[in-house]
1. Exactly one condition in (1) within 25 Å of residue 122 (Cα to Cα); (2) in contact with a helix residue (DSSP H, G or I) (Cβ under 8 Å, 6 or more places away or on another chain); (3) surrounded by fewer than 16 Cβ atoms within 10 Å (Cβ to Cβ); (4) at pLDDT below 85 is not met by residue 41; state its number.
2. Go through (1) at pLDDT below 95; (2) assigned to a strand (DSSP E or B); (3) surrounded by 19 or more Cβ atoms within 10 Å (Cβ to Cβ) one by one and return the number of the condition residue 228 breaks.
3. Which of (1) in the same structural domain as residue 225 (by TED's automatic domain parsing); (2) surrounded by fewer than 18 Cβ atoms within 10 Å (Cβ to Cβ); (3) in contact with a strand residue (DSSP E or B) (Cβ under 8 Å, 6 or more places away or on another chain) is the odd one out, the single condition residue 158 does not satisfy?
4. Considering every residue within segment 161-184, establish whether at least one is exposed (fewer than 13 other Cβ atoms within 10 Å of the Cβ), within 15 Å of the chain's Cα centre (by Cα) and not assigned by TED's automatic domain parsing to the domain that holds residue 69.
5. So, in segment 160-182, exactly how many residues are closer than 16 Å to residue 149 by Cβ and assigned to a helix (DSSP H, G or I)?
6. Just to be sure I understand, how many residues within segment 185-205 are buried (at least 16 other Cβ atoms within 10 Å of the Cβ) and assigned to a loop (DSSP other than H, G, I, E, B)?
7. Is it true that residue 211 is farther than 15 Å from residue 154 by Cβ and part of a strand (DSSP E or B)?
8. Does residue 144 satisfy the criteria of being surrounded by 13 or more Cβ atoms within 10 Å (Cβ to Cβ), at pLDDT 85 or above and outside any loop (DSSP other than H, G, I, E, B)?
């Protein structure tokens, strides 16, 4: 599977090295070479990009700030000389983090990881309009979760916890609520709170504007109560 990619770095020598590595990699197609983040945003608007190699320290708009403006479909690999940014990189759900100076083997490993993730997501989309499972990163591995087994999803700062009805229980993954909400079928999963998404098909009891999952009570916030009421009306027998 071939990937369209862009490279972004304010240092010409770093850009030259990245371009050399990209052109040595058969499954990568370079669509843009950018020396600043603003130029990169323009390139991303011109045609679909599967993978972006982003330097972190850049003037005006740095790589971390740029990554938050990029759609979830574009995978990100950060390249930087400062390892203190590693945690921040993973907080924005980066595929990998390359510490300068890195060699071609390290570059290829990161690119291959991105290729596998893109392939998984494309296969999910191709299989059906309503996928029956998702893959998430947890403890340095990809975990497949069947959607029908998800009870609810809870936002925990930089992480989300996916609570299932299986022996596996809760699965913690470094992702924000917006990104995971975009990946779930809207006819099955409903945001009911800033910190909670629920599987409509798993709701058995509602008590005082709270959804009950065993001993867990999940509140429906005022911001989402209209959508929740609409869902209930469609599924209720009057």
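1. Failing condition for residue 41: (4).
2. (2)
3. Failing condition for residue 158: (3).
4. yes
5. So the count comes out to 1.
6. Total meeting the criteria: 2.
7. Details: farther than 15 Å from residue 154 by Cβ: no; part of a strand (DSSP E or B): yes.
Criteria not met by residue 211.
8. Working: surrounded by 13 or more Cβ atoms within 10 Å (Cβ to Cβ): no; at pLDDT 85 or above: yes; outside any loop (DSSP other than H, G, I, E, B): yes.
It is false that residue 144 is surrounded by 13 or more Cβ atoms within 10 Å (Cβ to Cβ), at pLDDT 85 or above and outside any loop (DSSP other than H, G, I, E, B).
The values are calculated or read from the model by the stated rules, or taken from the named source; none is laboratory data. Keep in mind the model is a prediction, meaning the values are calculated, not measured. So basically every Cβ, Gly included, is an ideal-geometry build from the backbone, and we count neighbours across all protein chains shown.
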